[in-house]
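Data block below; observations after.
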Amino acid sequence: MDDIYLPKNRNSEIKIVILIHGGGWFEGDKVDMNGFKDFIQQNFSNMAVINMNYRLATNTINPHPMQVNDITVLVNQLKTKKKEYAIGEELSFIVVSARAHLSLLWSYAYDTKKQVNWVCRIVGPTNLIDENYSNTQNQDLKKMLGRF
């Protein structure tokens with residue numbers, strides 16, 4: 001379940017920022033992003049904030065395309081409820097860690113309507129074939145990266 005924070009006196013021009021927690025594709029929770037949510041609400045009162053959770057990968061469940069699909073489901077739900085929520089369609093992301101990787105992927109490869117205005121990634125990987133990843137001693141990470 002995602003948390004939706006809608007500003008007062010909103011209209012169809014209200015922009016949406018989606019917050020997505022990190023956790024290396026297989027851990028974390030949306031509460032990790034509450035500080036960002038509070039900051040946006042206090043300083044940008046004209047933005048709708050969505051604090052998103054997503055399905056976590058496991059040793060038997062691949063992160064891709066499952067987690068990219070979770071973003072698509074959320075975006076489609078926002079579009080369906082656009083009039084009910086009184087929001088626009090322009091999206092932005094603030095994302096951490098592995099989620100930054102998949103948010104960038106979604107923005108460049110899956111945003112067919114060109115709704116994403118910007119992505120603020122915090123320590124997110126952008127090149128998964130970099131030798132720092134391929135030579136990692138973390139066997140869980142190595143196994144996870146082999147699934148992309």
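The values are calculated or read from the model by the stated rules, or taken from the named source; none is laboratory data. These numbers were taken from a predicted model, which means no experiment stands behind them. We place every Cβ from the backbone using ideal geometry, glycine too, and count neighbours over all the protein chains shown. To get the accessible areas, we keep the full protein, side chains included, count just its heavy atoms, and leave off ligands, DNA and RNA. Shrake-Rupley method; radii C 1.70, N 1.55, O 1.52, S 1.80 Å.
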Do we have any residue at all in segment 20-39 that's in contact with a Lys or Arg (Cβ under 8 Å, 6 or more places away or on another chain) and more than 18 Å from SER97 (Cβ to Cβ)? no
Flagged in segment 93-120 as under 24 Å from GLY24 (Cβ atoms), more than 9 Å from the chain's Cα centre (by Cα) and in contact (Cβ under 8 Å) with a residue 60 or more places away in the chain, in numbering order, are SER97, ALA98
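Before we move on, is LEU102 among the hydrophobic types (A, V, I, L, M, F, W, C) and either modelled with pLDDT under 70 or more than 22 Å from ASN53 (Cβ to Cβ) (or both)?
no
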Enumerated helices (runs of 4 or more DSSP H) restricted to segment 1-106, each holding at least 1 residues that are hydrophobic (A, V, I, L, M, F, W, C), more than 30 Å from LYS142 (Cβ to Cβ) and open to solvent by 30 Å² or more (accessible area, probe 1.4 Å): 34-43
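Tally time: how many residues in segment 8-37 are among the basic types (Lys, Arg) and in contact with a His (Cβ under 9 Å, 6 or more places away or on another chain)? So that I can check it myself, show each step before the final result.
Restricting attention to segment 8-37, the residues satisfying the condition of being among the basic types (Lys, Arg) are 8, 10, 15, 30, 37.
Remaining after also requiring in contact with a His (Cβ under 9 Å, 6 or more places away or on another chain): 30.
Residues meeting the conditions: 1.
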